[in-house]
Amino acid sequence: MTTQRSEERPTTVVSRAQLRDVTDGAIRRALRAAARGAFDDELRSALDDACTAARDHGVPVEQLIILLKECWGELPKTQCVVRSEADVTIARVVTMCIRVYYAPFLENLDGVPSRGRS
């Protein structure tokens, strides 16, 4: 017997191209902010947009992280940055992405509002 969660994620399957279409602008905004060292509301807002689009299309956070890392490597500025510095920056972005992606689910568990969309 399977138990039903009160809030199930959509089960829509999207292709890699569709994922890029729905998240690309937000991901690029997020990564440009991170490349400038702007770990603030601008980055959070862009990640919130990307995570919301991903959740709305049933995309697991793991696929979003892969896309983040691919896009990160495509940014011209990141190709000139010292590798260890770039690794730390993208690690921070990935951590923030995971937190933003799951924030609505955590809000439902503990009753504490998250900063993201409800």
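The values are calculated or read from the model by the stated rules, or taken from the named source; none is laboratory data. What you see is a predicted model, and the numbers here were worked out from it, not measured in a lab. Cβ atoms come from the backbone with ideal geometry, glycine included; neighbour counts cover every protein chain shown.
Looking only at region 42-57, filter to residues that are within 19 Å of residue 102 (Cβ to Cβ) and not hydrophobic (A, V, I, L, M, F, W, C); which one of those is surrounded by the most Cβ atoms within 10 Å (Cβ to Cβ)?
Once the filter is applied, the top-ranked residue is 48.
When residues of region 90-109 are filtered for being without any contact (Cβ under 8 Å) to a residue 24 or more places away in the chain and among the polar types (S, T, N, Q), how many remain?
1
Taking the residues in region 61-92 that are among the polar types (S, T, N, Q) and under 14 Å from residue 35 (Cβ atoms) as candidates, determine which candidate is modelled with the highest pLDDT.
89
Quick check: is even one residue across region 8-16 at pLDDT 75 or above, surrounded by fewer than 18 Cβ atoms within 10 Å (Cβ to Cβ) and not in a loop (DSSP other than H, G, I, E, B)?
no
Take residue 70 and tell me if it is in contact with a Lys or Arg (Cβ under 8 Å, 6 or more places away or on another chain), of a type outside the set (Ser, Thr, Tyr) and either over 12 Å from residue 93 (Cα atoms) or part of a helix (DSSP H, G or I) (or both).
Spelling it out, it is not the case that residue 70 is in contact with a Lys or Arg (Cβ under 8 Å, 6 or more places away or on another chain), of a type outside the set (Ser, Thr, Tyr) and either over 12 Å from residue 93 (Cα atoms) or part of a helix (DSSP H, G or I) (or both).
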